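Student: Quick one: the structure is below, and I'll ask about it shortly.
The values are calculated or read from the model by the stated rules, or taken from the named source; none is laboratory data. Bear in mind the structure is a predicted one, so any value in this text is a computation, not a measurement. Heads up, the Cβs are rebuilt from the backbone with ideal geometry, glycines too, and the neighbour counts pull from every protein chain shown. Heads up: the accessible areas ignore ligands, DNA and RNA and are worked out on the full protein's heavy atoms, side chains in. Shrake-Rupley method; radii C 1.70, N 1.55, O 1.52, S 1.80 Å.
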Amino acid sequence: MGGDHGPSVTIPAAISFVKREPDVELILVGQEAIIQAVLKKHKVADHPRLSIRHASEVVSMEDSIEVALRRKKNSSMRVAVTLVKEGAVQAAVSAGNTGALMAVSRYVLKTIPGVDRPAICTILPNQNDGPTYMLDLGANVDCEPQHLHQFALMGSALVSAMEGKPRPTVGLLNIGEEDIKGNDLVKHTAELLRAAHEKGVLNFYGNVEGNDIFEGTTDIVVCDGFVGNVTLKASEGLGRFVKSVLTTEFKKGWLNMLGAAIAYGAIKALSRRLNPSRYNGASLLGLRGLVFKSHGGADMYAFEWAIQRAYDAAKYDVLARITVAIAKLIPPADGRDAPIAEPGISEAGAPTAAAN
């Protein structure tokens, strides 16, 4: 039900994905009557691997975290995440309110022991025609060095599982490669990462700059959520800008149009590589369950990619790998995790996914 477009995008994407992957089951979480109507429209109302879980409420893009947690306890977002907690599904995918999704997921699932804060991680394209994993992308605006250290460990476990790299390289985003550059957060984080490298825990490359993200200098780039979110939005905007400029220029005159026709194959490949939709689907790392966040404005193609990310994470057992890595490397200081408290409330087979 979430995102800017809701079921008109999420359900067709789910239908397309379930037809493409014969071993997946999808539970569509939301207002049953609306979901059934869209399924009937697409003539798949009786699809054996598509089922519905009714949720009477919807978290809007404008709702505050308090509203999502305290007032809308039967929202599609919360029901989907609860299905992960109960083990009914292996992952949840949502295009809804990012802050609400993070808060609900953290409250319902709790964090892995040893992890103070979950982080948002996604992939960006690079010149090596491979992915650069980057985190955090907005979950934690203010961070301490130990948080970035944890992000590096979680990112390393994720890339190891998803890309088959036993020792992926980790770069710390900075304004220069030199150790003397950067603020106190970056300098102190670098000390922790270097110590982890010397122990063989991490493959720390060192400081990297913004251009290194797209050059593929390292497999993973670590930063705080403020820097990461700005970088992500700027890169997405640049990709769309380049595509728009190329389209406009090739339409200016018959010579340009002829050139475009001749270079059609290269232009199509360029558009594909720069299309932000191919990289949709950010994982919320550090939780005791797999939750993936799609862009709110995602179209059907982009949302299907988000489902694909969740499917792959479940298939490659990413959660177990991260949990083991964190347990080995960062035992919780007091033997407890760091749950988020709900306002006003005290706490007393085949891959499946829940999409809301």
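Student: Looking only at region 64-84, filter to residues that are among the charged types (D, E, K, R) and farther than 20 Å from residue 10 by Cα; which one of those is least open to solvent (accessible area, probe 1.4 Å)?
Tutor: The qualifying residue least open to solvent (accessible area, probe 1.4 Å) is 72.
Student: Also: Being closer than 24 Å to residue 143 by Cβ, of a type in the set (Phe, Trp, Tyr), assigned to a helix (DSSP H, G or I) and at pLDDT 90 or above, is that true of even one residue in region 10-24?
Tutor: no
Student: Among the residues of region 79-95, which ones are farther than 16 Å from residue 314 by Cα and in contact with a strand residue (DSSP E or B) (Cβ under 8 Å, 6 or more places away or on another chain)?
Tutor: 79, 95 - these are the residues of region 79-95 that are farther than 16 Å from residue 314 by Cα and in contact with a strand residue (DSSP E or B) (Cβ under 8 Å, 6 or more places away or on another chain).
Student: Residues in region 136-146 that are of a type outside the set (D, E, K, R), buried (at least 22 other Cβ atoms within 10 Å of the Cβ) and within 14 Å of residue 116 (Cβ to Cβ): how many?
Tutor: 3
Student: Run residue 277 past the list (1) open to solvent by less than 60 Å² (accessible area, probe 1.4 Å); (2) modelled with pLDDT of 85 or more; (3) within 22 Å of the chain's Cα centre (by Cα) and report the number of the one that doesn't hold.
Tutor: For residue 277, the failing item is (2).
Student: Going by the conditions given, is residue 354 closer than 17 Å to residue 14 by Cα, at pLDDT below 85, of a type outside the set (D, E, K, R) and in contact with an Asp or Glu (Cβ under 6 Å, 6 or more places away or on another chain)?
Tutor: Answer is no for this residue.
Student: For region 312-338, enumerate the residues that are modelled with pLDDT under 85 and in contact with a helix residue (DSSP H, G or I) (Cβ under 7 Å, 6 or more places away or on another chain).
Tutor: Those that are modelled with pLDDT under 85 and in contact with a helix residue (DSSP H, G or I) (Cβ under 7 Å, 6 or more places away or on another chain): 321, 322, 325, 326, 329, 330.
Student: Can you spot a residue in region 298-311 that is at pLDDT 85 or above, touching a Gly at 6+ places or on another chain (Cβ under 7 Å) and outside any helix (DSSP H, G or I)?
Tutor: yes
Student: Of the conditions (1) buried (at least 16 other Cβ atoms within 10 Å of the Cβ); (2) under 23 Å from the mean Cα position of the chain (by Cα); (3) within 18 Å of residue 136 (Cβ to Cβ), residue 161 clears all except one; give me its number.
Tutor: Exception for residue 161: condition (3).
Student: Restricting attention to region 169-203, and to residues there that are open to solvent by 90 Å² or more (accessible area, probe 1.4 Å) and aliphatic (A, V, I, L, M), which single residue is modelled with the highest pLDDT?
Tutor: Only one residue fits best here, namely 175.
Student: In this structure, does residue 57 turn out to be touching a strand residue (DSSP E or B) at 6+ places or on another chain (Cβ under 8 Å), open to solvent by 70 Å² or more (accessible area, probe 1.4 Å), charged (D, E, K, R) and closer than 24 Å to residue 82 by Cβ?
Tutor: The answer is no for residue 57.
Student: For region 85-92, check the following and say yes or no: at least one residue is assigned to a strand (DSSP E or B), modelled with pLDDT of 95 or more and either open to solvent by less than 20 Å² (accessible area, probe 1.4 Å) or polar (S, T, N, Q) (or both).
Tutor: yes
Student: Could you list, in sequence order, the residues of region 117-135 that are open to solvent by less than 20 Å² (accessible area, probe 1.4 Å), assigned to a loop (DSSP other than H, G, I, E, B) and in contact with an Asp or Glu (Cβ under 7 Å, 6 or more places away or on another chain)?
Tutor: 126
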